[in-house]
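Data first, discussion second: the structure below is written as structure tokens.
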Amino acid sequence: MERFWYLTALFSFYGALLTEKQQACLRLHLDEDFSLSEIGEALGISRQAVYDNIHRSTQAMEGYEAKLGLVARYAAEREELQGIAEAVRDLRTPENSRAVDTVLARLAPLMGPGREV
């Protein structure tokens, strides 16, 4: 399952750099959970062509990540922001509760969806 999330993250960052056919194959594979046969049927290509497209796309995106490191940097930033939010929460006292809430509210949009502040 971790590989799935990694590929989804790669596709989010680097998908626009792929060909239209590669994007279509990956979108159906990752977002719609289509099998290789279902993707081939939907796109009018063979199952082998789908496999080759997904394989080449994955290699290309991993190459981009190796050079640019955007996914790793994004994940590290989110972890750091989570740590900052926890540290700010730990500073809460009855006197500064409103200020802590203000800082946490400013952090929330930076942390991304599904992350608790």
### Summary
Selection over region 24-45 where residues are open to solvent by 40 Å² or more (accessible area, probe 1.4 Å), under 13 Å from Ser57 (Cα atoms) and not charged (D, E, K, R) yields a count of 1
### Message
Quick check on my filter: what residues within region 65-80 are within 25 Å of Ala16 (Cβ to Cβ), of a type outside the set (Phe, Trp, Tyr) and either in contact with a Lys or Arg (Cβ under 6 Å, 6 or more places away or on another chain) or part of a helix (DSSP H, G or I) (or both)?
### Response
Glu65, Ala66, Lys67, Leu68, Leu70, Val71, Ala72, Arg73, Ala75, Ala76, Glu77, Arg78
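Are any residues in region 1-20 in a helix (DSSP H, G or I), among the hydroxyl-bearing types (Ser, Thr, Tyr) and more than 12 Å from Tyr64 (Cα to Cα), and if so, which ones?
At the first step, the residues of region 1-20 found to be in a helix (DSSP H, G or I) are 2-17, 20.
Going one step further and asking which of them are among the hydroxyl-bearing types (Ser, Thr, Tyr), we end up with 6, 8, 12, 14.
Correct list: Tyr6, Thr8, Ser12.
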### Query
Looking only at region 90-108, which residues are open to solvent by 50 Å² or more (accessible area, probe 1.4 Å), in a helix (DSSP H, G or I) and out of contact with any helix residue (DSSP H, G or I) (no Cβ under 7 Å at 6 or more places or on another chain)?
Asp90, Arg98, Ala99, Asp101, Thr102, Ala105, Arg106
### Query
Across region 46-62, what is the number of residues that are open to solvent by less than 90 Å² (accessible area, probe 1.4 Å), part of a helix (DSSP H, G or I) and more than 14 Å from Leu7 (Cβ to Cβ)?
3
### Query
Here are Ala72, Ala76: which of them is free of Cβ contacts under 8 Å to residues at least 24 places away in the same chain, closer than 29 Å to Leu110 by Cβ, of a type in the set (A, V, I, L, M) and surrounded by fewer than 12 Cβ atoms within 10 Å (Cβ to Cβ)?
Ala76
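The values are calculated or read from the model by the stated rules, or taken from the named source; none is laboratory data. Everything quoted here is computed from the prediction, not taken from an experiment. All Cβ positions, even for glycine, are placed from backbone atoms using ideal geometry, and neighbour counts span all protein chains on display. These accessible areas exclude ligands, DNA and RNA; they are computed on the full protein's heavy atoms, side chains included. Shrake-Rupley method; radii C 1.70, N 1.55, O 1.52, S 1.80 Å.
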